[in-house]
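All remarks here apply to the structure that follows.
Every read-out reported here was derived from the displayed coordinates using simple, explicitly stated rules and does not represent laboratory data. It should be emphasised that the depicted structure is a prediction, and the values quoted were computed from it without experimental measurement. Note that we place each Cβ from the backbone using ideal geometry, even for glycine, and neighbour counts take in every protein chain shown.
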Amino acid sequence: MKLSGKIALVTGSARGIGKGCALELARAGADVVINDRDATPVAAATVEEIRGLGRRCELAAGNAFERSGCESIVAAALGHFGRIDILVSNPAFSRRGGFLEYSPELFDRTLQGTLAGGFHMSQLVARHMVERGGGGKIVFISSVHACTPYVRSVAYNAAKAGLNHMARTAAAELVGHKINVNVIEPGWIDTPGEHETFGTSAIAEAAPTLPWKRLGTPEDIGKAAAFLCSDDADYITGVCLPVDGGWLLRAAGAGTP
């Protein structure tokens, strides 16, 4: 219960990686505000699941891709619990396509959702943390795409690379306020979105070929987030942490006999 007494806001947390982070923060003792674009049954179920762990949990519905939406989400979180000690920023939008055919509108939307949304939310929460005093923890969910230029992902690659550099810049500027800013880079994680993109059968076939012989889980990412948001990580800031089961080591032969 290393996060006992802390208040966490996790964006994009009705399902997938965001939900995994919200659950693990709750298991570590934090009360949680989750976020989804709308007050959906899926979001309501996540709220009840967290409450079932004995933690307080509320939903702040709103569009985390836009400034006005971020403002309403932060206001709702503060209205529920009065403060925010932890932010896990998890907005993302991705559509694959070849570079030569990629739509300019789709490129702009990807950067807006994945990079600009992260800026808006983190700036608003950081301003609250600075005004309140006492430090805080900000964790961005990035991707191994930030490091490797995977084909058919030009916009997502650019957005996640920018997110990493933005986070390190924020860490440098916020260090005097004792606000830790770090990044998690998930590898291939078993989420509903991945099943929608690739198909369940393709994922089942791919899993044994990965270095760790399985896809990662939202829980894997959540545990890393819980660590970075705890006092155990007090001396860690400006770090990009891959949580990928050796995905980035494949070129070195990781996972081969």
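Figures for the structure shown
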| item | result |
| --- | --- |
| Segment 167-257: C-alpha gyration tensor shape, a/c 1.5 cut-off, then a/b vs b/c | prolate |
| Pairwise label distance in nanometres, residue 236 with residue 148, each label 7 Å out on the Cα-Cβ vector | 2.2 nm |
| Under-5 Å amide H pairs with residue 30, H placed in peptide plane, nonlocal only | 3 |
| Karplus-derived 3J(HN,Hα), 6.51/-1.76/1.60, for each residue of segment 177-191, Hz, glycine and proline x | 9, 6, 9, 6, 10, 9, 10, 10, 10, x, x, 7, 10, 7, 10 |
| Whole-angstrom gap from segment 224-257 to segment 116-130, using each part's C-alpha centre | 24 Å |
| Formal net charge of residues neighbouring residue 144 (Cβ-Cβ distance under 13 Å; K, R +1; D, E -1) | 0 |
| Label-point separation in nm, residue 83 to residue 254, each point 7 Å along Cα→Cβ | 3.8 nm |
| Extension gain from residue 75 to residue 58, taking 0.36 nm per residue of separation minus the Cα-Cα distance | 4.9 nm |
| Nonlocal amide H pairs with residue 243, under 5 Å, H built at 1.01 Å | 185, 187 |
| Per-residue ³J(HN,Hα) for segment 167-176, Karplus 6.51 cos²θ - 1.76 cosθ + 1.60, θ = phi - 60°, Hz, x for Gly and Pro | 5, 5, 5, 4, 4, 5, 7, 9, 4, x |
| Under 5 Å, built H, 5+ apart or other chain: amide partners of residue 152 | 99 |
| Whole-number D in µm²/s for the chain (Stokes-Einstein; Kirkwood sum over Cα pairs; 10 °C, 1.306 mPa s) | 87 µm²/s |
| Of 72, 103, 89, the one that fluctuates the most in a GNM where the chain has Cα springs shorter than 10 Å | 103 |
| Karplus-derived HN-Hα couplings along segment 127-140 (A = 6.51, B = -1.76, C = 1.60, θ = phi - 60°), whole Hz, x at Gly and Pro | 4, 4, 4, 5, 5, 6, x, x, x, x, 10, 10, 10, 9 |
